[in-house]
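**Student:** What follows is a structure written as structure tokens; I'll ask about it next.
The values are calculated or read from the model by the stated rules, or taken from the named source; none is laboratory data. This one's a predicted model, so the numbers in the text were calculated from it and none came from an experiment. Cβ sites come from the backbone with ideal geometry, for glycine too, and all protein chains shown count toward neighbours. For accessibility, only protein heavy atoms count, side chains too; no ligands or nucleic acids. Shrake-Rupley method; radii C 1.70, N 1.55, O 1.52, S 1.80 Å.
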Amino acid sequence: MNKELAEAIGARVKYRREQLDLSQEELAKKAGYKNKSMISRIEHGSFVLSNDKIYILAKAIEITPEFLLGWADEDYEGNR
């Protein structure tokens, strides 16, 4: 995963987290991280996610992994 993709994923994570009115700490717990620092790193594009974590994170913010990765223009509800 390159830096540009990591930053795009981070922007989607942050945008969706804010839509759901979740704190970084709350999202970290939903995604199985010990604290919010990992969510912060993801949102800033400074952490490369494994395939498993992409799936878990997408599920935690209620979108598809394809949408999170930018492979689809629609999330799970058909929203753009």
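**Student:** Find out how many positive minus negative residues lie around A6, taking Lys and Arg as positive, Asp and Glu as negative, among other residues whose Cβ is under 13 Å from that of A6. All intermediate terms of the calculation are to be shown ahead of the outcome.
**Tutor:** On the way: positive: K3, R12, K14, R41, K53; negative: E4, E7, E43.
Once positives and negatives cancel, what remains is +2.
**Student:** Taking a probe of 1.4 Å, how large is the accessible area per residue of the chain, in Å²? Before the final figure, lay out each step's value.
**Tutor:** Details: 5070 Å² over 80 residues.
Accessible area per residue: 63 Å².
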